[in-house]
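Student: Sharing a structure, written as structure tokens. Questions coming.
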Amino acid sequence: MTDTLSPGPDPDHQSRVRAGVGYGFGAYAIWGLLPLYFVLLAPAGPYEIVAMRILFSLVFCLLLLAVTRGLRQFLRVFRDGQAVLALSVAGVLIAGNWLLYTVAATTGRTLEASLGYFINPLVAILLGVLVLHEKLRPLQWAALGVGIVAVLVMSVFYGAVPWLSLGLAFSFGFYGLVKSRLGARYPALVTLAAETTMITPLALVAVALLGAHGGITLVSEGPGHLLLMLSAGVITAVPLLLFGAAASRLPLSTVGMIQYVAPIGQFILATALFHEAMPPERWAGFGLVWCAVVLLVLDAVRAPRAPRLPRR
């Protein structure tokens, strides 16, 4: 009797998965620590920070495209009318998301930002049902219901609707929806450069208005402040590129679970370093949201293994 030896795990596949996990944790760790960066940019206000983030992101992306010989593909995007429309909408949505996040980080409301990104997967599920007519599994329905109860608890008992959190969750949810409808026709770096190109006129108008009212701090606060502001392009593009590298190597369910690194990091910063208030009503709301997150994680573990995103 001869034994049939089953092949062992593919070393190349294991290496790709390990690299993907590293890239994913790197991306979400940077996003989780962003409030620290925005605090360091004081006295710059949210509008200046977002405007500079758009302008310097575009410069950084164009430099990367030049180095990687992707400028021709970048220019080809502008001959695709459907892509131009989708990326224009995506640009406005992500600029709005950046503005809300910056307001949260610079006004002592990092907890609200954390809550927004805990809620974001629930918003993605809701949009999938309402817009894409997707069918949900029982645990997903349960998670969605618990998330809605959490928002109601915060609205009634904490005394205010968490508009900033909801704005962050829905702006990023719609951004993801627009990008998913665009598909994988263009690499992540090309679409990021195109998005920032579309909203660059808005950033220039913001800079002009701020400059007219003496609200620009770019060159008035010393070389250290200038370097920090110039680094906005790198801070924006690097985690997005790391995320793209992770998504091309990992199942979507794995990427979905790694995403909670960012709001967990924001929550720790807000409570341990920034000492933001956590009264019982807010603990109750966060507790319900975390229950919804646990349900989503359980659903991801039990669901059939999701395919990897196409490699770009």
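Student: Given labels modelled 7 Å from the Cα in the Cβ direction, how far is it in nm from Glu281 to Leu71?
Tutor: Taking the two extended label points, one gets 5.6 nm.
Student: If each DSSP helix of 4+ residues adds -39,500 (n - 2.57) and the sum is divided by the residues in the chain, what number results at 222 nm, nearest 500 deg cm²/dmol? Mind dumping the intermediate values first?
Tutor: Numbers: 13 runs with 233 residues, N = 312.
Calculated mean residue ellipticity at 222 nm is -25500 deg cm²/dmol.
Student: Here is a further query. Can you work out the FRET efficiency for the pair Leu130 and Arg181, with r the C-beta to C-beta distance and R0 = 22 Å, to the nearest 0.05? Write out the running numbers ahead of the final one.
Tutor: Numbers: r = 14 Å, r/R0 = 0.65.
Calculated transfer efficiency: 0.95.
Student: What is region 1-158 by shape, rounded, prolate or oblate, if you read a ≥ b ≥ c off the alpha carbon gyration tensor as root eigenvalues and call it rounded for a/c under 1.5, prolate for a/b larger than b/c, and oblate otherwise? Spell out each step's value before the answer.
Tutor: Details: a/c = 1.64, a/b = 1.15, b/c = 1.43.
In terms of gyration-tensor shape, oblate.
Student: Considering only DSSP states other than H, G, I, E and B, which trypsin sites (Lys or Arg not before Pro) in region 57-147 qualify as loop sites with at most 12 other Cβ atoms within 10 Å?
Tutor: Those satisfying the criteria are Arg69, Arg79, Lys135.
Student: Go through Val156, Pro279, Val103 and say which Cα lies farthest out towards the positive end of the charge dipole of the chain; charges sit on Cβ, +1 for Lys and Arg, -1 for Asp and Glu.
Tutor: Sorting the options by dipole projection puts first Val103.
Student: Taking a ≥ b ≥ c as the square roots of the Cα gyration tensor eigenvalues, with a/c under 1.5 meaning rounded and otherwise prolate when a/b beats b/c, else oblate, which class fits region 21-302?
Tutor: Numbers: a/c = 1.81, a/b = 1.21, b/c = 1.50.
Taking the square roots of the gyration eigenvalues as a ≥ b ≥ c, region 21-302 is oblate.
Student: Could you tell me which helices of the chain pass both thresholds, a Cα extent of 30 Å or more along their own axis and a mean Kyte-Doolittle hydropathy of at least 0.5, with helices taken as whole DSSP H runs? Kindly include the intermediate steps, with their values, before the conclusion.
Tutor: Values: long enough: 11-40 (43 Å, 0.44); 46-67 (31 Å, 2.10); 81-106 (37 Å, 1.48); 188-212 (35 Å, 1.84); 280-302 (33 Å, 1.16).
TM-like helix candidates: 46-67, 81-106, 188-212, 280-302.
Student: Next up: Could you give the dipole magnitude of region 6-109 about its Cα centre, charging the beta-carbon of Lys and Arg +1 and that of Asp and Glu -1, in debye to the nearest 20? It would help to have the intermediate numbers written out before the result.
Tutor: Working: 8 positive and 4 negative charges, 40 e Å.
Charge dipole, region 6-109, about its Cα centre: 200 debye, nearest 20.
Student: Which residues among region 31-55 fall inside the zone where the amide N is under 20 Å from a point 7 Å beyond the Cα of Leu209, along Cα→Cβ?
Tutor: Residues 44-55 qualify, since their backbone N sits under 20 Å from the label point.
Student: Same structure again: Positive end of the dipole of the chain, charges at C-beta (+1 Lys, Arg; -1 Asp, Glu), about the Cα centre: which of Leu65, Tyr37, Leu210 has its Cα farthest in that direction?
Tutor: The listed residue farthest towards the positive side: Leu65.
Student: Can you put Val84, Val261, Val205 in order of Cβ neighbours within 10 angstrom, beginning with the fewest? Don't skip to the answer; put the middle values down first.
Tutor: Details: Val84 15, Val261 18, Val205 11.
Going from sparsest to densest Cβ surroundings: Val205, Val84, Val261.
Student: Given Cβ point charges of +1 (Lys, Arg) and -1 (Asp, Glu) and nothing else, what value in debye, to the nearest 20, does the dipole of the chain about its Cα centre take? If you can, show how the numbers build up before the last one.
Tutor: Working: 20 positive and 12 negative charges, 194 e Å.
Charge dipole, the chain, about its Cα centre: 940 debye, nearest 20.
Student: May I pose another question? Using a simple spin-label model with points 7 Å from Cα along the Cα→Cβ vector, what separation in nm is obtained for Val301 and Leu33?
Tutor: Going from the Val301 label point to the Leu33 one covers 2.9 nm.
Every read-out reported here was derived from the displayed coordinates using simple, explicitly stated rules and does not represent laboratory data. The shown structure was predicted, so the numbers you read here are calculated from the model rather than taken from an experiment. So basically every Cβ, Gly included, is an ideal-geometry build from the backbone, and we count neighbours across all protein chains shown.
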